[in-house]
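Undergrad: Here it is: the structure, laid out below.
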Amino acid sequence: MLPYEVYKVAHLVGLAVLFAALGGLLFAARDVDGKPPRALLVLHGVGVVLMLVGGFGLLARNGIQWPWPNWVLVKAGLWVVLAAMPWPIRKFGLGGAWIALVLAASVGVAVVMVRQRIP
Ligand code: HEM
């Protein structure tokens, strides 16, 4: 198992990469087939995986096992939504500042979950 700090850095760098990609996906020009630049989808994937590996490492380092407390379940739910976001963005042409703000608010929810540790 890697040190706690390594997992935390991976988790938070993953978060930054994921949001950089989502920002790009929400505002990027689409090609003739309505597809966003492939690099943004790859970047999103890298962010999603880094967050997951870091998050599970942090769970292990904190000795948190299944069944997870509610604060982890809420965060896992947020992760699924953020991981799936490229689909509705492409399918429904979602974009713009409002969606970006709502997604950014999820980080606030995640921090409150971590700090409050709701059982
Ligand atoms: C499968 C999903 C996830 C798991 C298993 C997970 C797990 C964790 C754990 C165990 C911690 C460390 C708590 C500690 O310091 O001891 C943590 C911290 C953190 N997580 Fe997650 N997380 C997940 C998803 C997310 C998501 C979706 C976000 C943001 C939208 C997020 C944002 C954060 C932040 C900002 C911290 C640092 C909070 C602080 O130190 O105050 N995480 N996560």
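Undergrad: First compute the accessible area of the chain with a 1.4 Å probe, then give the percent of it belonging to carbon and sulfur atoms.
TA: Details: 5200 of 7210 Å².
Answer for the chain is 72 percent, counting heavy atoms of protein chains only.
Undergrad: If you don't mind, another one. Put +1 on the Cβ of every Lys and Arg and -1 on every Asp and Glu Cβ in segment 4-117; which of LEU40, VAL109, MET85 then has its Cα farthest towards the positive end of the dipole?
TA: VAL109
Undergrad: Could you give the length gained by full extension between VAL109 and VAL53, i.e. 0.36 nm per residue of separation minus their alpha carbon distance, to one decimal place? Please list the in-between numbers first.
TA: Values: separation 56, 0.36 × 56 = 20.16 nm, distance 2.01 nm.
Between VAL109 and VAL53, full extension yields an extra 18.2 nm.
The values are calculated or read from the model by the stated rules, or taken from the named source; none is laboratory data. The model shown is predicted, which means the values in this text are computed figures rather than measured ones. Note that each Cβ is placed from the backbone with ideal geometry, even for glycine, and that neighbours are counted across all protein chains shown. Keep in mind that these areas ignore ligands, DNA and RNA; they rest on the heavy atoms of the full protein, side chains included. Shrake-Rupley method; radii C 1.70, N 1.55, O 1.52, S 1.80 Å.
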